[in-house]
Each structure stands twice: as C-alpha cells, then as structure tokens.
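The values are calculated or read from the model by the stated rules, or taken from the named source; none is laboratory data. Please read these numbers as outputs of a predicted model, since none were measured by experiment. Counting neighbours? That spans all protein chains shown, and the Cβs are built from the backbone with ideal geometry, glycine included.
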Amino acid sequence: MSESKLTMVQALAQTLDQALERDPDVFLMGEDIIDPVGGAFGITKGLSAKYGRERIRETPISEQAIIGAGIGAAMAGAKPICEVMIADFYAVCLDQVANHAAKLRYMSGGRTTVPMVIRGMLSGGLNFAAQHSQAVESWMIHVPGLKVAMPSNPADAKGILTTAIDDPDPVVIFEPVALYSVRGLCPDGEHRVPLGKAHIAREGTDVTVIAYGTQVPLALAAADQLATEGISVEVIDLRWLQPWDEQTVLESVQKTTRAVVAHQAVRRGGFGAEIAAVIQENLWGTLRSPVLRVAGANTPVPFATELEQRHFPTVDSIIDAVRRTNT
Amino acid sequence: MIDSQTRLGIYERMYRIFRTDTEMRGLIMAGKVSVIYYSARGQESIPSAVSALLTTEDTITTTYRGMHDTIAKGAPLNEVIAEIIGRSGGTSRGKGGIMHLNDPRCGVMATSGIVGGAVPIANGLALRAQMTNSDAVTVTYFGDGASNIGAVHEAMNMAAVWNLPVLFICQNNEYGEYTPRMESMKVEQISIRASAYGMPGVTVDGNDPDAVYAAAETAVARARAGEGPTFIEAKTYRLMGHVFGVDTMEYMPREEREAAVAADPVPAYRARLLEDGQISDSELAEVEAKVDQEVAEAIEFALASPIPDPSDLYTDVYAEVVPA
C-alpha cells in the first residue's frame, strides 16, 4: 500500500474522513469540532463542511451529556466517535464512561452493547498546568469493559482509530498532543492495528524497554545513546493498553532478562506497576533485575516550565533506569 | 375521553405491575428469596399510561426503582422476575439484577443504578432516531432526587438544543432515598426547570392514569413531529419506602403514608373505570384473572430458573470472552 509522510494530526484527520466516507453510521460529537475551527487541535477541520453538522456535531460543554449521547446512539446502532478535549476532563464524565459505557454489555447479559470510540487528548508537557496535563489511562485500564489504546506515531494513530471504530466495545484512545506535529510514514488507505498487538520498535538483546505514547520516541533516543555504550535495548511500543500484548512483552523479557517500563503518567498506581507485576509473576526465576519504572512524578503537573520539565520523564530518565537494571 | 380499550390496557398494565410487586414482596417476606428489592408500589399509573402511546420501536431508560417501567413497556414477566432474583433465565442472565433490567426487544434499553445516569443515554437513543429519520421517541424515567443531579441538567439542555424526541418523565414520589424532596430543592414544582432549558414542562397527578396519558399524548405527538423534548413531572408516592423490608419509613409522616394508601391508584382506577360505565366488572375481572395466571407462571419460571454458571462471571465483559 502507498504511504505518505504525515503528522499525527493529518493522519487522524484522514482517518476520520475515510471512516465517515466509508460508514454512514459513523458520526462525531465534541466541543468546538465544526468548521471553521475544526477542533481545539484542528483535527476535524473541513469535516463539517464536507459531511454536515448532523454528523459532525458540535456540543455544549457537557461531557456527561456528550458521552451519554454517544452511549445511547451506539446502543441504537450508530458508531459515534466522541471527543474529550483534554483527558483530564474524563473526570467530569467518568460515571458515563466507567459505570455505563463499560458495563452495559455485562449488566444486560450481553443484550445491549456500546460500540463507541472516545478520543481524549493528553496535553502534558505543554505548559497547560495541573488540570490540563494528566495522563489518565490507568483510570480506564482499571475498569473492566473498556478497551484502551495510545498511539505514538501517525500510522498507529490511524491504525488504532480505524480498528477502534469497528470494535464492538467502547474504546478509549489517548492521543499525546506533544506528538501531534511529529511526522511519520502512514499508509494512505484503510489501515488497522489489530486489537492488543504491540510493535517491537527496535530489536535488542540486553534489556527490554516497554513504552507507549510520548515515551516511545524517548526510549528510542535512549536506545541510540546506549548503543554507543554497547548496551542493546529492545523497545516495545505497546500501542494497546487494554488488552495489552503480554505475549510479546514476556517473550522479549524472557530473552533479555531485564525490563524497564516507561510511561508519562504518574508513577504511583500507574499502568507500569501492572506490567511489572505481570512480568515478575511470569519470569521470576529469569529476571536478573527488578522491573524498573520510569514515570511522571507523584505530583500534580506544575505550571512553570522549569518545574514541569522535572515532573515528566526524559531520555536521561530512561537511560538511567536501563543502567540501573545492570547494577 | 380516552377510548375504553386504551384505558383497559392501562389498567391491565397497572394490575400486572401491582400483582408482580405484591408477589415479589411476598417471596421476600416468606424468606423464599433474599435480594435487595426496590418496590414501585404506588407508582404504577405513570408507565402504564405512557406505554399506551409507545410501540416496541420506542425506547425507554429507567432507574433502579424502575421494574414497573420495564413491565409496562412489555418485558416478559418471567424473565423480569428471574432477573430480580438473580437467575440465569433473567433478562440479564442474572448479571444485572433489579437495578439493571433491560429488554431491547421491547425497547427497554438501559436501567441505571446511578441516580440520573441513564438520562444522558436517552438523548443518544433519541438522537439515533432523529438521525435515521425515524419517528421513534425515547422516554427517560427518573425521580425527583435525580432531577438535582448534574447529568440530568446537561441532558435536558442538550435535548433542547438538538430538538431531540425525548420525554423527560420525572416520577416525583417526594423522597430521594431517606430525604424528603423539599429538603433537597427550593422549587415547589420541578417542571418549572424545563423552561430554564427551553422546553415545555408540565406537572400532572401521576396517580391519575388519564391525566398522565393526556400529558404524554401531547409530548409524544410533539416528539414524533420533530418538535423536540418535553418535561413531565408526574406526582406520585412510594408506598413501600426505599429498600423494601429494610426501610421502616419512620422519616415519612404517618398521616402522609396513610393518605397515600387510602388513595391507592390501582383500586382507584378500577373504581373509576366502572363508574365511567364503558367497562364492566366482568371485563376487569377477566383481565385480572389472566394477569394472576401470568404472574403465577412467571414466578414459577423464575424460582425454577437455575443460578448462573460460574463461567458466566467472565462472559460479556467484552465481545470476546476473556480469561481471568
């Protein structure tokens, strides 16, 4: 298939356009998504002009109502894609997501289902301060019934979104805004990333770094640096967080015997703890070091740039962790 | 006046709900089943009247105290009762209980245990009907307590802005759990909140099925004609308090309760139908005998229904079955 070099914004815009064209049941709901602005980050620019304002549906600032409308429409046969403008706002509508969308299939004994997609933007590292900067994937992973994903590059952004749109369950996708303008090769046509499938972004033999979102490019940069020191790092980009690719991760750590998990989200109770637990449960006798975590500080995100930079992991954080697996 | 067949149908629904509830309470008091049970005794009129205007294409959402709404909409009694007692023959195969009754075949799409939680979902059901050019409507039932929660306000505003075919039916039974309504809100009439969002609102005697029918008829016609949502406050009373068997109802004044019992809407409607002369006592008795039989068979079915298989813990979390 032919590819083009696109930013994640362009890849997402293209994916939405292709899905809207292909499937009349797909429609969008979110704040400020119509033309001329086309969304807080411009991803939906041009779509309401092309598909109309019924299918590209601007909403009031009402996250509970937005998600609830998505749930009901999905139950009735639509394929809504809702937007939560900043992931921190999930706290406003967590009832709808966690108590309803996630559970209606179960509570109904399988008789009603909620095939909806919710896209939320992770805006950390961009000076937006404490209430606009959180990475909240662990909230979602912790709720059985939700599927969760986080792309690190344009092709995966497209592939995950396309797969999610056709998935019969509610899928929560986190898009890292810090990666929105990074270019990457992206297939031009319909492209999918199978549910639960990770990607080995770089092969290596000495240590496995399991990462997702913004930490993937950081892990790759760390791997480049460590290669000059003779340390061979295997980088796995999880892509899907629930379900996640335990098999690929365990096979890798079986091979390397050392593991580091890197995520932007706060360390305490973060998804890294779950991954580390699964690794050590399965590879106790094989591991030659405890599984280490690189993560956000256990603090709210501060405003001042100098402080904010100290909250989030850096390339050096990952390099340091890899070195510590060898001590 | 509403035609007699419609009124007989309303009475039949009321009687069905009343008999089912009476039997359920009997089972619990006799110790034959041990489940948390939210009785809707006293509130039968509302969904019985509204359902006379709805087809299986129309959808509803309701609340934990919503078995009457589900039964009135046409969900099979045997499956409803089996679900209430947690058996595999239930509407949710025993995995939902009374707080999560559903029957998509007859449009009962979601029951929420979160107060007000299903009201935003009703908007989505209505939106799909609107977007597919269907004239189906959605009725969302909720209580006076729910009318204070944020999700309901968001939903009302959105429904008005998008002109959705929704009926917001507030079953005002004057209590939110153990708290009297007027200790939780300043306004005497809940329906005035409708105008705050730009939709018509009306308060009716929710224990007068004919009055409920009249208000709902107007609202359903509006919705089907694409004229948008309506708020109906239907005033009623919970004859059995909050959680049946647990609630001593000491916070509900005795005179108030006694008056409500004396004004029991089920025998009251029966008496009125006879008084109005179009329906005979024997017609009513025939309906009652039929429903008595239906309820007895449904109870038998439910009690004989097996408890869910242990493996069912893991089914329906996702479309795919996942291991532990």
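Descriptive notes on the structure:
- If the condition is being assigned to a loop (DSSP other than H, G, I, E, B) and surrounded by 10 or more Cβ atoms within 10 Å (Cβ to Cβ), then region B:243-265 contributes B:VAL243, B:PHE244, B:GLY245, B:ASP247, B:MET249, B:TYR251, B:MET252, B:PRO253, B:ALA263, B:ASP264.
- Test result for A:ILE236, in a helix (DSSP H, G or I), crowded, with 24+ Cβ neighbours inside 10 Å and either within 14 Å of another protein chain (Cβ to nearest Cβ) or aliphatic (A, V, I, L, M) (or both): no
- Positions within region A:88-102 being in contact (Cβ under 8 Å) with a residue 40 or more places away in the chain and crowded, with 22+ Cβ neighbours inside 10 Å, in sequence order: A:ASP88, A:TYR90, A:VAL97, A:ALA101, A:ALA102
- Subset of region B:266-324 [more than 27 Å from the chain's Cα centre (by Cα), outside any helix (DSSP H, G or I), free of Cβ contacts under 8 Å to residues at least 12 places away in the same chain and within 30 Å of A:VAL171 (Cα to Cα)]: B:THR315, B:TYR318, B:ALA319, B:GLU320, B:VAL321, B:VAL322, B:PRO323, B:ALA324
- Among the residues of region B:125-141, those that are within 19 Å of the chain's Cα centre (by Cα) and either within 8 Å of chain A (Cβ to nearest Cβ) or among the β-branched types (Val, Ile, Thr) (or both) comprise B:LEU125, B:ALA126, B:VAL137, B:THR138, B:VAL139, B:THR140.
- Taking the listed residues A:ALA295, A:ALA277, the one that is surrounded by 14 or more Cβ atoms within 10 Å (Cβ to Cβ), farther than 23 Å from A:ALA155 by Cβ and free of Cβ contacts under 8 Å to residues at least 40 places away in the same chain is A:ALA295, with no other qualifying.
- Filtering region B:1-33 to residues that are modelled with pLDDT under 95 and of a type in the set (Gly, Ala, Ser) leaves nothing.
- The residue that is surrounded by the fewest Cβ atoms within 10 Å (Cβ to Cβ), counting only those in region A:51-66 that are more than 7 Å from every other protein chain (Cβ to nearest Cβ) and among the hydrophobic types (A, V, I, L, M, F, W, C), is A:ILE61.
- Residue satisfying condition, being under 13 Å from A:ARG119 (Cα atoms), assigned to a helix (DSSP H, G or I), in contact (Cβ under 8 Å) with a residue 12 or more places away in the chain and not hydroxyl-bearing (Ser, Thr, Tyr), within set A:LEU12, A:LEU28, A:LEU20: A:LEU12
- Among the residues of region A:212-233, those identified as farther than 20 Å from A:PRO176 by Cα, surrounded by fewer than 23 Cβ atoms within 10 Å (Cβ to Cβ) and either without any contact (Cβ under 8 Å) to a residue 60 or more places away in the chain or under 12 Å from the mean Cα position of the chain (by Cα) (or both) are A:ASP224, A:ALA227, A:THR228, A:GLU229, A:GLY230, A:SER232.
- For B:ILE192, the conditions (1) within 28 Å of A:ILE61 (Cα to Cα); (2) surrounded by fewer than 22 Cβ atoms within 10 Å (Cβ to Cβ); (3) in contact with a Lys or Arg (Cβ under 7 Å, 6 or more places away or on another chain) all hold with the exception of (3).
- Output for region A:114-164, where each listed residue is in contact (Cβ under 8 Å) with a residue 40 or more places away in the chain, within 14 Å of another protein chain (Cβ to nearest Cβ) and part of a helix (DSSP H, G or I): A:MET140, A:ILE141, A:ALA164
- Single condition A:LYS158 does not satisfy, out of (1) charged (D, E, K, R); (2) within 25 Å of A:GLU274 (Cβ to Cβ); (3) in contact with a helix residue (DSSP H, G or I) (Cβ under 6 Å, 6 or more places away or on another chain): (2)
- Among the residues of region B:24-50, those that are more than 18 Å from B:ARG13 (Cα to Cα) and among the small types (Gly, Ala, Ser) comprise B:GLY26, B:ALA30, B:GLY31, B:SER34.
- Check on B:LEU8, surrounded by fewer than 20 Cβ atoms within 10 Å (Cβ to Cβ) and not small (Gly, Ala, Ser): yes
- Qualifying position, being in contact with a helix residue (DSSP H, G or I) (Cβ under 9 Å, 6 or more places away or on another chain), assigned to a strand (DSSP E or B) and away from every other protein chain (no Cβ under 11 Å), among B:ILE46, B:ILE60: B:ILE60
- B:ALA319 being surrounded by 11 or more Cβ atoms within 10 Å (Cβ to Cβ), farther than 23 Å from B:TYR213 by Cβ, at pLDDT 95 or above and out of contact with any Pro (no Cβ under 9 Å at 6 or more places or on another chain): no
- Some residue of region B:126-136 being farther than 19 Å from B:PHE231 by Cα, touching a residue at least 12 places away in the same chain (Cβ under 8 Å) and assigned to a strand (DSSP E or B): no
- When every residue of region B:77-97 is checked against the conditions, none turns out to be more than 8 Å from every other protein chain (Cβ to nearest Cβ) and under 29 Å from B:GLY226 (Cβ atoms).
- Conditions (1) crowded, with 24+ Cβ neighbours inside 10 Å; (2) more than 14 Å from the chain's Cα centre (by Cα); (3) within 14 Å of another protein chain (Cβ to nearest Cβ); number of the one not met by A:ASP169: (1)
- The number of residues in region A:67-113 being part of a strand (DSSP E or B) and either at the interface with chain B (Cβ under 7 Å from one of its Cβ atoms) or among the acidic types (Asp, Glu) (or both) comes to 1.
- Residue within region B:171-193 that is part of a helix (DSSP H, G or I), facing chain A (nearest Cβ under 10 Å) and modelled with pLDDT of 95 or more present: no
- Sole residue being among the charged types (D, E, K, R) and more than 25 Å from B:ILE28 (Cα to Cα), chosen from B:ASP281, B:ASP292, B:ASP309, B:ASP247: B:ASP281
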